[in-house]
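Undergrad: Dumping the structure here so I can ask a few things about it.
The values are calculated or read from the model by the stated rules, or taken from the named source; none is laboratory data. Remember, predicted model here, so these are calculated numbers, not experimental data. All Cβ positions, glycine included, derive from the backbone under ideal geometry; neighbour counts span all protein chains shown. Accessible surface areas use protein heavy atoms only, side chains included; no ligands, DNA or RNA. Shrake-Rupley method; radii C 1.70, N 1.55, O 1.52, S 1.80 Å.
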Amino acid sequence: DRWNTAGANKGMFAVALISYVGKNYPHASPRRNKPLVSIENLSTTLQFVLSLDNETMNGAVPTPSGKVVTLGESVKAIVDACLVRHPSLAEVLPTTSNLSSAAASNIGIPNNADNSGASNSQNQNQNRPTPGSQDDIEECANQYFQQIYASEESARKVVEMLKSFKASGNARENDIFACMIHNLFDEYRFFSKYPEKELRITGILFGLLIKEQLVSSITLGIALRYVLEALRKPPTQSPQSGKMFRFGMFALEQFKERLHEWPQYCSHIVQIPHLREGYAALVGEIEGVVMDDGQNSAAGSSISTGGGLGVRVADG
C-alpha cells in the first residue's frame, strides 16, 4: 500500500502526525461529545506511531530551538504527555520504556536528555498503577484536579468530562467520577484555607456539579447544605469566614437557574441577614423565584439535607 512504498516520506508523515497530536491532545474528549479530536482517534494515532519500525523511529527531527532529536524521542514525549492528560489511554497504549529519553522542546514538554532522565522515565512507566486499581483511580482523580486548578476554563472542561464519565458504561471512568466527587466533598472543611484563585475555581466547580445534575439525591442534599452553610458565614467576621462566604457565592452563581426547583431552600437563603443587607438584588431575585413557585409547591417531593433543611426536587 501507499505507506509501505512511502520510503523516506514515512518519517515526514510520522512527524506531521506527531505535530498534530502535540497541538490537539489537550483538547481531546470522548467521541460521544463530538469533539474536533476524540480520545478514540488519539488512541488509534498513537498506537500507529508506536508501531513504526526502528529505522523510522531513529530518524532525525529538527526542532525550533535548533536541537535535533529522534522521532522516537518525540513520540515518547507525546505519548507520556497524553497519558498524563488522558489516563484512560494507559489501558490501550503499549509502554514507551523501549524508546529513548524524551527531547520534547518542540512541544513545550520539559526534557531530561541524559541517561538518568531516561531511567527515571522508564521507572515511572514500570511503577504506573494497574489500570482500574484503587491507586490508579486515586492517581487519575488527582491529575484531573490539577487540570481543574489551571484555570476557570479548565474547570469547566473537566466538568464536561465528568458528565461523560458519569454516563459511561466504563467501570473505571465511573470509579474516577465517584472518587473525584468524594474527594471534593471531603475537602470542604479546608476551603477556608484555600488561596483566592483556588477558592474561586472550587466554588465554580461545586456550583457546576449542581447545575449540571452531576450530584443527586443524598449527594445533592449534601452539596446544597455545604453551599448554604458557607453563605451563612458572615463575610467580615474573619478571613476564614469571608473565604467560606465567597465560596458559597461563587457556587450559588453557577446554579441560580435551578433554584426554582427548591423553594424551601430559597427561603433559607433569603433569611440570611448579611445577604439581605449587602446583596439586596440577589435576595430580591431569589424571593421572586419563591413567589413564582409558591402556588406549585405541592408538585414535588422532598429530600433532607440535614439540620431540618428540606430541598424540594421536582417530579419527573
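Undergrad: Pull up all non-local amide H partners of Val69: gap of 5 or more, or a different chain, and H-to-H distance under 5 Å with H placed in the peptide plane.
TA: Answer set, sorted by chain and number: Val61, Thr63.
Undergrad: Mind ranking 165-174, 247-256, 135-144 by how tightly packed they are, going by the mean number of other C-beta atoms within 10 angstrom, highest first?
TA: In decreasing order of mean packing, 165-174, 247-256, 135-144 become 247-256, 135-144, 165-174.
Undergrad: Considering the Cα positions of the range 151-235, please state its Rg to one decimal place and its Dmax as a whole number of Å.
TA: 13.1, 44
Undergrad: Then there's this: Over the range 156-290, give the accessible area per residue in Å² for a 1.4 Å probe, as an integer.
TA: That works out to 44 Å² per residue.
Undergrad: Looking at this model, which pairs from Lys23/Lys211; Lys76/Lys163; Lys163/Lys233; Lys163/Lys197; Lys157/Lys197; Lys166/Lys256 are more than 26 angstrom apart at the alpha-carbon?
TA: Violating the 26 Å Cα-Cα cut-off are Lys23/Lys211; Lys76/Lys163; Lys163/Lys233.
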